[in-house]
Structures are given as structure tokens and as C-alpha cells.
Amino acid sequence: MKDVIIACDFGSAEEALSFLDKFSGCERKPFVKIGMELFYGAGPGIVREIKRRGHRIFLDLKLHDIPNTVKKTMKVLSSLDVDMTNLHAAGTIDMMKAAVEGLTRPDGSRPLLVAVTQLTSTSEDRMQKELLIDGKIEDVISQYAANAKEAGLDGVVCSPLEASLVKRRCGESFLAVTPGIRFADSATDDQVRITTPAGARDKGSDFIVVGRPVTAAADPVAAYLRCVKEFLG
Ligand code: C5P
């Protein structure tokens, strides 16, 4: 189940596909994350094309709306045949339950569904002062993860540094999907709470999401294979 997901953060189908062309000779077809930038820029056709090329897809659209709207939208996403998608846990347990219903196909199968707890760009100070959420950010993350579990989700998106917290509260099989990955010798960019692929493995991550260390590398295939080797051993 554990895998490395490449965040394909490009603004157009052409850029994304020419990036993925580099992997055509690679024995391992990378699991690919399509986020808002690529989905809104290129439209749903990009999901079908990347799927047609044999990649597994994490569609990272972070839904957050009333339960009925989320349910109907998840039904649309399910028909795109993605392997994983997500929403904001802040939408409540009812919203997350509606999402599971919408995502479930008539045969009972569905893509993996994970919840964003607190964005890694949100500090504890801002959460308390702007969002008026009292308490420690770790407690909020832990509670949101428990809510996601209660709603029937498969896991959460969190910092690798929070993976063990989530596992302690929700069990080992509850997935921790973790961005914020950097090689020991690469730039941190705008990420703050980071760790290496090997560090994420040691902290219990199930899937690491890696963007710029692969997409901006001089040799993206070598960088991807380095991630795979460090994370999966
Ligand atoms: O380039 P980089 O490795 O920082 O990319 C990380 C990816 O993970 C981006 O697509 C970013 O939107 C996403 N992400 C994140 N932190 C979160 C949730 C998603 O970095 N908390």
C-alpha cells in the first residue's frame, strides 16, 4: 500500500503531460497527484488522460461545502475513476459521511478518501486568534482525524511530524498521507514542517506527496527513484 505520490503542480495539460513523458521509460509508473491548479487549468480531461497512461491518481481538490453538494460532487469525481481524493475535515462528520456515500460506486467500491485536518500553512497562533479555535493544534488535528474515522474515511493528510499522533488516536491502518518532504540536501522552499523520505517512513507515513524536489529536479526520474528508494527501502 505504501507509495510515493508526485505532486504534478503544473498550470496546463501540456506541461503536465510533457513532464510525465519523462517517465515513459521508467519501469515504475508514478502515482500522481492532480491538484486544483492543474484540474482547474486543464479540466477533467487531464484526469482521464493521465489515467489512460496507466498512472494512479490522487485528485487533491479539498472539498468543503454543505453535505448535499459534497455528496453530488464526489459522485462526479468517482466517475473519473481516481484512486484517492480528499476534503476538509472542518466540514463536519455529516459532510464527510455524505462524501463517502457520494463516492461509493454501485458495486460498493470507491476511491480512497482522506481528510485535510489543519493545513500545514496554518499556525497554532492563527488558528486560535483568527479562527477562534481554542487549544493546541495537535489536539485539533487528533480530533479532526477521529471525526474522519467516525465518518468512515480511510485517513488524513497531515505533516509527517503528525503521523504518529494520528496513528495513536485512530489506529495503525488509518492512513497518513504526508506532504512536506525534502531531501536532506535540497531546498526547503516555502515548506516549514518537513522531513526526508526516510524520516517520513520512520514516522509512519503511508503515502508521501513530493512536488518540487522531483518536478524541479534536473533529472526528475532520478529524483523520483531516490524518493522511492529512501521511502520504501
Ligand atoms: O513542492 P512540494 O513538495 O512542497 O509540494 C507539496 C504538495 O503537497 C503541493 O501540491 C501542496 O499543495 C500539497 N500540500 C501541502 N501541505 C498540505 C496539503 C497539501 O504541501 N498540508
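Taking Cβ atoms as reference points and 12 Å as the exclusive limit, the residues near Val47 contribute a net charge of +2, counting Lys and Arg as +1 and Asp and Glu as -1. Name all residues of the stretch 174-201 having a backbone nitrogen under 20 Å from the label point set 7 Å from the Cα of Lys2 along its Cα→Cβ direction, giving them as ranges. 174-185, 194-201, by backbone N distance to the label point.
Pull out a ≥ b ≥ c, the square roots of the eigenvalues of the alpha-carbon gyration tensor of the stretch 74-116, then state rounded if a/c is under 1.5, prolate if not and a/b is larger than b/c, and oblate in the remaining case. Since a/c reaches 1.5 and a/b is larger than b/c, the shape of the stretch 74-116 is classed as prolate.
Subtracting the Cα-Cα distance of Lys22 and Lys72 from 0.36 nm times their residue separation leaves 14.4 nm of extension gain. Packing here is the average count of other Cβ atoms within 10 Å per residue, and on that basis the peptides 65-74, 91-100, 121-130, highest first, run 91-100, 65-74, 121-130. Applying 1/(1 + (r/R0)^6) with r as the Cβ-Cβ distance of Asp202 and Arg126 and R0 = 35 angstrom yields a FRET efficiency of 0.75. Evaluated at q = 0.11, 0.18, 0.19 Å⁻¹, the base-10 log of the normalised Debye intensity for the stretch 92-233, with identical point scatterers placed on the Cα atoms, takes the values -0.46, -1.05, -1.12. Of the peptides 181-192, 157-168, 107-118, the ranking by mean beta-carbon count within 10 Å, highest at the top, reads 157-168, 107-118, 181-192.
The helix-based estimate of mean residue ellipticity at 222 nm for the chain, built from -39,500 (n - 2.57) per DSSP H run of four or more residues and divided by its residue count, is -12000 deg cm²/dmol to the nearest 500. Of all lysines in the structure, the ones whose alpha carbon falls short of 16 Å from that of Lys62, not counting any fewer than 8 places away in one chain, are Lys33, Lys71, Lys72, Lys75, Lys97.
Provide the gained length on full extension for the span Lys136 to Thr188, in nm with one decimal, where the gain is 0.36 nm per separating residue minus the Cα-Cα distance.
Numbers: separation 52, 0.36 × 52 = 18.72 nm, distance 2.52 nm.
This chain segment gains 16.2 nm when fully extended.
Values quoted throughout were computed directly from the atomic coordinates according to the rules given, and no laboratory measurement underlies them. Since the model is a prediction, treat every value here as computed from it, not as a measurement. Positions of Cβ are backbone-derived with ideal geometry, glycine not excepted, and every protein chain shown enters the neighbour counts.
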